[in-house]
1. Quick test for you: out of THR3, THR69, pick the one residue that is farther than 30 Å from TRP98 by Cβ and either touching a residue at least 24 places away in the same chain (Cβ under 8 Å) or surrounded by 15 or more Cβ atoms within 10 Å (Cβ to Cβ) (or both).
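The values are calculated or read from the model by the stated rules, or taken from the named source; none is laboratory data. Nothing here was measured: the structure is a model prediction, and the numbers come from that model. Here the Cβ positions follow ideal geometry from the backbone for every residue, glycine too, while neighbour counts run over all protein chains shown.
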Amino acid sequence: MSTLLSVTDLTRLLDPMFDSMLSPRERKALTVRVERISDRQELFDSDIVESGSARLRWAVFGEDGSSGTLQLAGGTQEMVLSVQSDLQDFLAESSFAWGELREPKDRT
């Protein structure tokens, strides 16, 4: 059975990862939205995110990035690690954090 999460629950799962990967200044500038893959429509807080149906889009200091498809079938921890990897790629290619390797401050 596939895991289902609301956008609010998804955000709660990802917030600690964003907090640990971004500087306070970057975190303040971060905007995140969840969008459906099929039509790129934004999902809202009460909408349900099904595995493989959505991705995150983010922007920091005007630079845009995104996650791959949010796969929840492997569990929420696996999904968070996947988004973290995508965020690391974005940061390393951004003008404000070019080439930086960042790891979460707390891996628990």
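1. Being farther than 30 Å from TRP98 by Cβ and either touching a residue at least 24 places away in the same chain (Cβ under 8 Å) or surrounded by 15 or more Cβ atoms within 10 Å (Cβ to Cβ) (or both) holds for just one of THR3, THR69, which is THR3.
Residues checked against (1) assigned to a helix (DSSP H, G or I); (2) surrounded by fewer than 16 Cβ atoms within 10 Å (Cβ to Cβ); (3) in contact (Cβ under 8 Å) with a residue 24 or more places away in the chain; (4) at positive phi:
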| site | (1), (2), (3), (4) |
| --- | --- |
| ASP15 | yes, yes, no, no |
| ARG25 | yes, yes, no, no |
| SER38 | no, yes, no, no |
| SER46 | no, yes, yes, no |
| GLY65 | no, no, yes, no |
| GLN77 | yes, yes, no, no |
| LEU81 | yes, yes, no, no |
| SER95 | no, yes, yes, no |
| GLY99 | no, yes, no, yes |
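Yes/no matrix, rows are residues, columns are (1) modelled with pLDDT under 95; (2) among the hydroxyl-bearing types (Ser, Thr, Tyr); (3) under 15 Å from the mean Cα position of the chain (by Cα):
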| site | (1), (2), (3) |
| --- | --- |
| THR3 | yes, yes, no |
| SER6 | no, yes, yes |
| SER20 | yes, yes, yes |
| VAL34 | no, no, yes |
| ALA54 | no, no, yes |
